[in-house]
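Structure record follows, encoded as structure tokens.
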Amino acid sequence: MDLTNRRIEPLPDMLENRTNHSMIHDNGFIYVVGGKGKISSEKYDLNKKKWSILPNISSLKNSISEFKNPNLFFHSSYLYSFFGKNNNDYLNCVVRLNVKINKSNWEYLPLKNPDRIEISRIFCGFYRGTSEIFKSKLFIFGGKCNERVFSDVFEFDFKDNTFNSTGFLLNNESFFRETIFNRMENENYLIFNNEEFDSLVKIE
């Protein structure tokens, strides 16, 4: 969509039809992961306007037949996929793909303490701080599992694949379709968006 000239340009279709998938943009590429009945992934080159296939996620665990609504995040050269759903089961696994290596495969990370926090959830909000202390940590907000909606905030440490609770709670139980970082009046805020309302959280 060209907002300047108010023109919509048709682009090539994805390689596979998908629903309940997740997408993320990084460094000139759009990455698409999973979906209903899907364990595949693909990427779109914005410059070449071309799709290319990526490895299947289930190359290590054949018991998983689909990755619906995984939570995607980039760290270093890796595309991370957190949790998601397999049929009616909520997943508590974290997988990653090194997008800088052509023949890389998805790998399942050994989580040191996955039972400390109930991590099986979808529609989470993500944020990573810019200071040196927080560059290796990902903050995860809320989410949904079955009919339960969470209001907690916990963190994932990329250095040792550990989950830890921060002790903080959101004012409202929330699950998110999109997380936006914004700086307003010299203050840092996170804007969480879902189908019903927007939530604004100040970072101190």
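The values are calculated or read from the model by the stated rules, or taken from the named source; none is laboratory data. Predicted model, so just to flag it, every value in this text is computed and none were measured. Quick reminder, even Gly has a Cβ in these numbers, built from the backbone with ideal geometry, and neighbours come from all protein chains shown.
Annotations
- For Phe139: the one exception among (1) assigned to a loop (DSSP other than H, G, I, E, B); (2) surrounded by 13 or more Cβ atoms within 10 Å (Cβ to Cβ); (3) at pLDDT 80 or above: (1)
To keep it simple, each residue is scored yes or no on (1) in the same structural domain as Phe156 (by TED's automatic domain parsing); (2) crowded, with 16+ Cβ neighbours inside 10 Å; (3) in a strand (DSSP E or B); (4) under 14 Å from the mean Cα position of the chain (by Cα).
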{"residue": "Glu9", "(1), (2), (3), (4)": "no, no, no, no"}
{"residue": "Glu16", "(1), (2), (3), (4)": "no, no, no, no"}
{"residue": "Tyr31", "(1), (2), (3), (4)": "no, yes, yes, yes"}
{"residue": "Ser41", "(1), (2), (3), (4)": "no, yes, yes, yes"}
{"residue": "Ile53", "(1), (2), (3), (4)": "no, no, yes, no"}
{"residue": "Ser58", "(1), (2), (3), (4)": "no, yes, no, no"}
{"residue": "Ser63", "(1), (2), (3), (4)": "no, no, no, no"}
{"residue": "Phe73", "(1), (2), (3), (4)": "no, yes, yes, yes"}
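- Selection from segment 152-167 of residues that are of a type in the set (S, T, N, Q) and surrounded by fewer than 15 Cβ atoms within 10 Å (Cβ to Cβ): Asn164, Ser165, Thr166
- The set of residues from segment 6-24 being farther than 19 Å from Asn71 by Cα and charged (D, E, K, R) comprises Arg6, Arg7, Glu9, Asp13, Glu16.
- Residue in segment 193-203 that is within 25 Å of Asn56 (Cα to Cα) and modelled with pLDDT under 65 present: no
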